Amino acid sequence: MAIRCLLVDDNDRFLGVARAVLEREGIVVCGVASTIADALAQTERLFPDVALIDIDIGGESGFDLVERLAELPPSWRPSTVLISSYAESDFADVIASSPAAGFVAKPELSGTAIEQVLGAGGDGPAGGG
């Protein structure tokens, strides 16, 4: 079964490109959000397997969203993967201490990269993390 993904980013152009890339590689993009409130509402409505969350969502923090999603009941909680146009090393300590399964730089975003992060996270889709 294909991985169902929620994309969370405030850049409409990136959302379009990311959706096209992921869907071409077999990831089902079941929704997009550009704010924390919208992402939480979409998560509770769509039950995605994974949420790909930009570290900087406009004036909001992707890390805050990861924390909020980690508080959801396990059956509702998607795995979370942080994404950014910045290098992972810029946020390594914060990423490591967050409940996110991992990080993928936006230029490397692909279905394979997401599957690798989820596999390394140990819980896989919908398992939290």
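Restrict the check to the stretch 13-22 and report whether at least one residue is surrounded by fewer than 16 Cβ atoms within 10 Å (Cβ to Cβ) and touching a residue at least 60 places away in the same chain (Cβ under 8 Å).
Checking the stretch 13-22: at least one residue is surrounded by fewer than 16 Cβ atoms within 10 Å (Cβ to Cβ) and touching a residue at least 60 places away in the same chain (Cβ under 8 Å).
So is V66 free of Cβ contacts under 8 Å to residues at least 40 places away in the same chain, hydrophobic (A, V, I, L, M, F, W, C) and out of contact with any Cys (no Cβ under 6 Å at 6 or more places or on another chain) or not?
Against the criterion (free of Cβ contacts under 8 Å to residues at least 40 places away in the same chain, hydrophobic (A, V, I, L, M, F, W, C) and out of contact with any Cys (no Cβ under 6 Å at 6 or more places or on another chain)), V66 qualifies.
Scanning for something farther than 14 Å from L7 by Cβ, within 11 Å of the chain's Cα centre (by Cα), not in a loop (DSSP other than H, G, I, E, B) and not hydroxyl-bearing (S, T, Y), does the stretch 91-105 turn up at least one residue? Before the answer, list the steps.
Keep residues of the stretch 91-105 that are farther than 14 Å from L7 by Cβ, which gives 91-103, 105.
With the extra rule that they be within 11 Å of the chain's Cα centre (by Cα), the set shrinks to 100-103.
Retained after the next criterion (residues that are not in a loop (DSSP other than H, G, I, E, B)): 102-103.
Among the residues that remain, those that are also not hydroxyl-bearing (S, T, Y) are: 102-103.
Yes, the stretch 91-105 contains a residue that is farther than 14 Å from L7 by Cβ, within 11 Å of the chain's Cα centre (by Cα), not in a loop (DSSP other than H, G, I, E, B) and not hydroxyl-bearing (S, T, Y).
When the residues of the stretch 93-116 are filtered to those that are of a type in the set (D, E, K, R) and free of Cβ contacts under 8 Å to residues at least 12 places away in the same chain, which remaining residue is nearest to R24 (Cα to Cα)?
Ranking the qualifying residues of the stretch 93-116, first place goes to E108.
Would you point out which residue out of T35, T43 is hydroxyl-bearing (S, T, Y), modelled with pLDDT of 95 or more, buried (at least 19 other Cβ atoms within 10 Å of the Cβ) and over 17 Å from E115 (Cα atoms)?
T43
Would you please name the residue that is surrounded by the fewest Cβ atoms within 10 Å (Cβ to Cβ), looking only at residues in the stretch 49-90 that are in a helix (DSSP H, G or I) and small (G, A, S)?
Among those residues, the one meeting the criterion is S89.
Across the stretch 1-32, what is the total count of residues that are in a loop (DSSP other than H, G, I, E, B) and over 19 Å from V117 (Cβ atoms)?
So the count comes out to 2.
The values are calculated or read from the model by the stated rules, or taken from the named source; none is laboratory data. The model shown is predicted, which means the values in this text are computed figures rather than measured ones. Neighbour counts run over all protein chains shown; Cβ positions are idealised from the backbone, glycine included.
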